[in-house]
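Here's the structure we're looking at; comments come further down.
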Amino acid sequence: MTKNPIYCAIDTSSIENALTLIKEISPHVGGVKLGLEFFTSCGIIGIEKVSKLGIPLFLDLKLYDIPNTVKKSLKNILSFNPTYTTLHLTGGSEMLKECVNLKNQLNSNTNLIGVTMLTSFDDIIANEIGFIGSVDKNVENLSTLALNCGMDGVVCSPMEIRKVKETFGSKLKVVVPGIRNQTDIANDQKRTLSAKKAIELGADIIVVGRPITSADSPENAAEIFHQSIK
Ligand code: C5P
């Protein structure tokens with residue numbers, strides 16, 4: 001394996017904590033993921049500060065709105081040149097295609113990743129908000145939509161990696177949160193798997209948050225995760 005596929009989710013509201021944590025774990029991760037908690041507290045200034053560390057960035061703001069609003073927000077996100085950024089596939093084909101067109105017009109190298117079903121969903125929660133059928137089936141349908149709209153990849157849980165890879169091969173990158181080694185606490189994640197198994201099944205990027213960031217030594221935890229997939 002050449003590139004380290006581990007992106008650590010820096011879910012904190014403090015820029016100081018984020019910068020300390022990133023400096024500590026950076027030798028053992030491929031990049032860091034900044035999401036809604038970070039963005040709604042540290043804002044654009046926070047993203048700029050992390051960007052300056054020179055580590056590959058995954059800006060996970062999971063855009064979901066009408067096509068025009070998403071496209072204009074994506075333009076702002078692409079100005080940071082993240083390696084990955086996320087859109088909700090349930091935003092629909094018009095929204096997704098406008099974003100892909102924008103990326104192409106700007107000659108951006110950012111990978112546009114579509115969120116299929118949140119990894120905190122199980123069939124009951126999915127059905128509650130109107131999805132028909134199982135989580136797996138909906139992940140497959142939404143991944144087909146992602147491919148048809150020209151997206152670069154999808155986010156899915158470890159449980160769907162095999163199916164998505166079998167169906168789409170290298171046409172879609174597979175980004176996988178919900179990673180937990182045997183001794184880790186699941187927290188709110190419902191569909192989890194170890195880092196090693198997720199990579200064996202074909203995950204291109206694995207997102208690990210609390211098992212690293214809440215560890216007594218985040219640096220050691222990140223190193224153990226890295227060793228576990230070598
Ligand atoms: O702490 P933990 O390892 O559960 O963090 C997982 C990260 O991945 C969080 O930042 C969460 O927002 C993100 N994520 C997820 N499920 C998705 C998409 C992103 O858990 N479907």
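Numbers for the structure displayed
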{"quantity": "Any chance Gly209 is away from the ligand (no atom under 12 Å from the Cβ) and either within 24 Å of Thr85 (Cα to Cα) or buried (at least 18 other Cβ atoms within 10 Å of the Cβ) (or both)", "calculated": "no"}
{"quantity": "Verdict on Arg162 being over 20 Å from Leu61 (Cβ atoms) and either open to solvent by 80 Å² or more (accessible area, probe 1.4 Å) or in a strand (DSSP E or B) (or both)", "calculated": "yes"}
{"quantity": "Residue satisfying all of: in segment 79-94; within 16 Å of the chain's Cα centre (by Cα) and crowded, with 19+ Cβ neighbours inside 10 Å; farthest from Cys156 (Cα to Cα) among these", "calculated": "Pro82"}
{"quantity": "Residues of segment 75-91 classified as in a loop (DSSP other than H, G, I, E, B) and in contact (Cβ under 8 Å) with a residue 24 or more places away in the chain, total", "calculated": "4"}
{"quantity": "Of all residues in segment 115-149 being of a type in the set (Gly, Ala, Ser) and open to solvent by less than 50 Å² (accessible area, probe 1.4 Å), the one that is farthest from the ligand (Cβ to nearest atom)", "calculated": "Gly133"}
{"quantity": "Matching option when the condition is within 14 Å of the ligand (Cβ to nearest atom), in contact with a helix residue (DSSP H, G or I) (Cβ under 9 Å, 6 or more places away or on another chain) and open to solvent by 40 Å² or more (accessible area, probe 1.4 Å), among Lys62, Lys49, Lys97, Lys75", "calculated": "Lys62"}
{"quantity": "Count of residues meeting criterion [open to solvent by 60 Å² or more (accessible area, probe 1.4 Å) and in a helix (DSSP H, G or I)] in segment 2-23", "calculated": "4"}
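Here's the yes/no breakdown for (1) in contact with a helix residue (DSSP H, G or I) (Cβ under 9 Å, 6 or more places away or on another chain); (2) more than 9 Å from the ligand (Cβ to nearest atom); (3) closer than 18 Å to Asp11 by Cβ; (4) charged (D, E, K, R):
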{"site": "Val154", "(1), (2), (3), (4)": "yes, yes, no, no"}
{"site": "Met159", "(1), (2), (3), (4)": "yes, yes, no, no"}
{"site": "Thr167", "(1), (2), (3), (4)": "yes, yes, no, no"}
{"site": "Gln182", "(1), (2), (3), (4)": "no, yes, no, no"}
{"site": "Arg191", "(1), (2), (3), (4)": "yes, yes, no, yes"}
{"site": "Gly202", "(1), (2), (3), (4)": "yes, yes, no, no"}
{"site": "Ser214", "(1), (2), (3), (4)": "yes, no, yes, no"}
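The values are calculated or read from the model by the stated rules, or taken from the named source; none is laboratory data. What you see is a predicted model; the values in this text were computed from it and never measured. Glycine gets a Cβ as well: all are built from the backbone with ideal geometry, and neighbour counts include every protein chain shown. These area figures cover heavy atoms from the full protein model, side chains too; ligands, DNA and RNA do not enter into them. Shrake-Rupley method; radii C 1.70, N 1.55, O 1.52, S 1.80 Å.
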